[in-house]
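Report on the structure given below.
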């Protein structure tokens, strides 16, 4: 017959169990994707370049910056391949890049490969989307999953209505990881 151990009711063993439970609860809260949007009156421009006008989202090279003004509105999605809501964003962003080629830049940043950028941008939760004006200013920030339609509506509400591409772009995305 199997003997069961008693669950500790006090002392260091109970403290250890409570610490583990608190850590798990904290991780669960971080992973849960709420839906929070903040708007900003100004942002900053930085170095490097991302692809403009490609019909697929551009993946950001490690160490480069999505903050460069491109003359078009831009959405930067910060996420990770290990995050389910981030993976759910992939087809939404691909559709955006395809349907709004030429009027919107779509950049995807893997925070696991770009932790310095994530820290610089104050990323607390993934996925996070940053909405940029054509001159590179951060207009708004959203935390959590966001559909293609919600992204298009957000740009319209921010004063940058998007125009659908009339002919499909066959430029392809220039990989910002190449020299």
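The values are calculated or read from the model by the stated rules, or taken from the named source; none is laboratory data. What you see is a predicted model, and the numbers here were worked out from it, not measured in a lab. With ideal geometry, Cβ positions are generated from the backbone for all residues, glycine too; neighbour counts draw on all protein chains shown.
Return the residue satisfying two criteria in turn: it lies in the range 158-167 and is at pLDDT 95 or above and exposed (fewer than 14 other Cβ atoms within 10 Å of the Cβ), and of such residues it is farthest from residue 88 (Cα to Cα).
Checked the range 158-167; the qualifying residue farthest from residue 88 (Cα to Cα) is 159.
With 60, 117, 84, 93 as the choices, which residue is more than 17 Å from residue 151 (Cα to Cα) and modelled with pLDDT of 95 or more?
None of the other options fit; the residue is 84.
From the residues in the range 135-149 that are at pLDDT below 95 and not in a strand (DSSP E or B), which one is farthest from residue 69 (Cα to Cα)?
137
Going through the range 69-120 one residue at a time, which ones are assigned to a loop (DSSP other than H, G, I, E, B), farther than 18 Å from residue 161 by Cβ and in contact with a helix residue (DSSP H, G or I) (Cβ under 8 Å, 6 or more places away or on another chain)?
80, 81, 83, 111
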